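The structure appears below as structure tokens.
The values are calculated or read from the model by the stated rules, or taken from the named source; none is laboratory data. These figures come from a predicted structure and were not determined experimentally. Positions of Cβ are backbone-derived with ideal geometry, glycine not excepted, and every protein chain shown enters the neighbour counts. Ligands, DNA and RNA are stripped out before the accessible areas are found, and what is left, the full protein with its side chains, is counted by its heavy atoms. Shrake-Rupley method; radii C 1.70, N 1.55, O 1.52, S 1.80 Å.
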Amino acid sequence: ETITSGEIGYNYRSPYFKARATAYYTQFENGVDIQSFFVIDPAIGQGDFIFLTMNGIDRLHFGGELAVEGRIVGGLSFSAVAAIGQYTFNSRPITASYNDSDRLPVLVDRTIYMKNFYVPGTPQQAYSVGLKYSGKKYWFANLNFNYFDDIWIDFNPIRRTEEVVADIDRDSDLFRSIIFQEQAPSGYTLDLFGGKSFRLADDYFLNFTVGINNILNNQSLVTGGYEQGRF
């Protein structure tokens with residue numbers, strides 16, 4: 001695999017305000033992926049483990065990040081972070097699959113039409129805003145709201161081959177349900193973290209910290225997922 005990457009950034013610092021902006025661009029070329037899943041043949045009621053290989057996977061990642069932090073008044077300060085990117089596949093890999101039991105090929109030299117699909121496994125947008133208070137007697141408290149979006153489900157490559165949809169109307173809902181990549185819903189959390197330090201001697205401190213994540217009890221968080229390999 002060949003990786004070409006570039007990044008440019010800018011930092012600003014003053015007594016009461018700090019900021020950092022970064023832009024990046026990364027090209028991955030000639031990647032390889034191996035997937036495995038179990039398939040049952042309904043005709044004989046038996047199954048086998050399948051290994052699927054993909055060669056020639058290219059990906060393009062680019063985006064920007066911005067972080068700011070500043071003091072409001074006294075011990076109260078704020079922070080904000082934004083990370084916005086676009087991570088997509090930009091090639092049509094060649095795939096082959098093999099039975100685990102006899103090593104015989106099931107599919108050979110099939111084209112996977114996954115160009116412009118989104119790379120799964122990570123939000124492509126993430127934001128966070130927070131407030132921090134630092135007290136005079138070595139105690140502090142942080143409150144952060146986090147939001148993430150553009151989360152895409154990992155897709156089954158076999159569903160994106162020409163043979164699968166050869167007899168299906170391109171304008172039908174069935175075709176779109178087979179081909180299109182599923183997007184997970186956006187999510188958010190509100191987190192609280194705080195602590196206090198006790199100075200025992202000149203060089204010794206005793207620290208107590210406590211944190212509560214997702215204090216709003218948001219139970220609809222989806223961080224990723226997979227389409228089933230059987231199809």
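Structure summary
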read-out	value
Total lysine pairs under 23 Å (Cα atoms) in the chain, excluding pairs fewer than 8 apart on one chain	5
Probe 1.4 Å - accessible area at T209, Å² to nearest ten	90 Å²
Theoretical ellipticity at 222 nm over the chain - DSSP helices of four or more residues, -39500 (n - 2.57) apiece, nearest 500	-1000 deg cm²/dmol
Diffusion constant of region 44-162 at 10 °C, which comes from Stokes-Einstein with the Kirkwood Cα-pair radius and 1.306 mPa s, µm²/s	86 µm²/s
Dipole magnitude of region 144-231, debye to nearest 20 (Cβ charges: Lys/Arg +1, Asp/Glu -1, about Cα centre)	440 debye
Dipole moment magnitude, nearest 20 debye, the chain about Cα centre, only Lys, Arg, Asp, Glu C-beta charged	1540 debye
Directionally averaged shadow of the chain, computed from the convex hull of its alpha-carbon atoms, nm²	19.8 nm²
FRET efficiency estimate (nearest 0.05) - Cβ-Cβ, A96 to A19, R0 45 angstrom	0.35
Backbone HN-Hα couplings from phi across region 94-111 [Karplus 6.51/-1.76/1.60, Hz, Gly and Pro as x]	9, 10, 8, 9, 9, 6, 6, 6, 10, 6, 7, x, 9, 10, 9, 6, 9, 7
